[in-house]
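Below is one structure; the comments refer to it alone.
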Amino acid sequence: MLGEGALEMVDSAEKELSLQPPFRTELLRSVSGPAGESPLIPLLPATYRSRFTVRLVSADVHAFLQSELDLSRLNRIHKWLWMVGLPSSPRSLHVQRLKGREIVLAEQLDLHLVWSPTRVFIKPLPRFLLSARFWQRDLCPHYQLYQSAFGFLLSYVALVEREVDYQMAVGLGLLPAEITWPGWLSLVEEIVYNSSVAQSYLSNPSSYPSSESHVPVNPRFYYGELRLGRLNWIYRLGLGQPRGYMSRCTTYGAFIRDNINSLITLFAYTTIVLSAMQVGLSTAFLQDSYSFGMASYVFTLFAILAPLSAIVAIIFIFLVIFVFNLMRTLRVRKKRRQQGAGV
């Protein structure tokens, strides 16, 4: 938590920076009313979820934006992201398909451009980021929100390069259907031509020094696609979180199946090696070899102990996850009871 002095420093820095919207073109259709121009389709959703509670967006737009543009989980491990992804702009949508990745929609910004061997998560571009008036009113006054929003917008400049990318984006619901291809071209040209930051980002996102505090791009977007498997290991080993960054196992059965498959692979490998050693010991050349005999002895012990150790480790991790989920459930249940819910 920032103290009052730190918050004042951030606010003063934001005022000094006097951030401007990255574009002025209004692509979204609007209607005239007593209060002036307003979008034909609302820019914001009706509700959002925060800590197991559904909240009304209109009640606190700033709180919604903080949740919508939250990248704290990735910023927390920023020093390790060089192990997770390349310091370059993300590859376009059609290239993602060429790599055999299914494009999966994810509304969490910290899952945007996170990939596994068969799929890549991409967050749809929300309508409010295509409104210059919204940028001016709700994002420009808040530097950290501006950083996340601008980096996210620039990622789409890289994702939607060609018309085929545009067609994919509209077809998948990544871009609003009312955005036309000529309109998108105009928007991208305005963003890139009017912003030296955008030009530098698209050519070399990691060119900004980490100590630079006035670059309006969140450090997460110094990198393009991020590998989910490595994010999981960083969270498990570096932060001590057994579930990792995003667990692939949604049920205990899936967790056991995944680990049993790994155990079967280990068992098959040790069986092959033991069989080969047994054949080797039956030959005259290796039968009297002390080194080979000792190696066979050590590996035999390994073949006995390794599966047992793996089973114990799987059971231990299973129990840790079970207890963690149980405590989490009880904590949420207690909170809901305090709010008057009959649970």
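The values are calculated or read from the model by the stated rules, or taken from the named source; none is laboratory data. All values derive from a computational prediction rather than experimental measurement. Neighbour counts are summed over all protein chains in view; Cβ atoms, including those assigned to glycine, are modelled from backbone coordinates with ideal geometry.
This table checks each residue for (1) under 33 Å from the mean Cα position of the chain (by Cα); (2) in contact (Cβ under 8 Å) with a residue 24 or more places away in the chain; (3) over 20 Å from Thr271 (Cα atoms).
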site	(1), (2), (3)
Phe292	no, no, no
Phe299	no, yes, no
Ala303	no, yes, no
Phe318	yes, yes, yes
Thr329	yes, no, yes
Lys334	yes, no, yes
Arg337	yes, no, yes
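Considering only the range 267-290, state which residues are more than 45 Å from the chain's Cα centre (by Cα), part of a helix (DSSP H, G or I), surrounded by fewer than 11 Cβ atoms within 10 Å (Cβ to Cβ) and not hydrophobic (A, V, I, L, M, F, W, C). Once the filter is applied, which keeps residues that are more than 45 Å from the chain's Cα centre (by Cα), part of a helix (DSSP H, G or I), surrounded by fewer than 11 Cβ atoms within 10 Å (Cβ to Cβ) and not hydrophobic (A, V, I, L, M, F, W, C), the range 267-290 yields only Tyr290. Selection of the range 291-316 for residues being surrounded by 15 or more Cβ atoms within 10 Å (Cβ to Cβ) and under 30 Å from Arg243 (Cα atoms) yields Ala303, Ala306, Pro307, Ala310, Ile314. Scanning the range 93-140 for residues that are of a type outside the set (D, E, K, R), over 26 Å from Ile41 (Cα atoms) and surrounded by fewer than 20 Cβ atoms within 10 Å (Cβ to Cβ) yields His94, Val95, Leu98, Gly100, Ser116, Pro117, Thr118.
Under the condition of being under 13 Å from Thr53 (Cβ atoms) and of a type in the set (S, T, N, Q), which residue from the range 328-343 is modelled with the lowest pLDDT? Ranking the qualifying residues of the range 328-343, first place goes to Gln339.
Restricting attention to the range 241-264, does a residue exist that is over 30 Å from Trp80 (Cβ atoms) and either in a helix (DSSP H, G or I) or modelled with pLDDT of 75 or more (or both)? Step through it out loud before you land on a result.
Within the range 241-264, the subset over 30 Å from Trp80 (Cβ atoms) is 253, 264.
Adding the requirement that they be either in a helix (DSSP H, G or I) or modelled with pLDDT of 75 or more (or both) leaves 253, 264.
The answer is yes; a qualifying residue exists.
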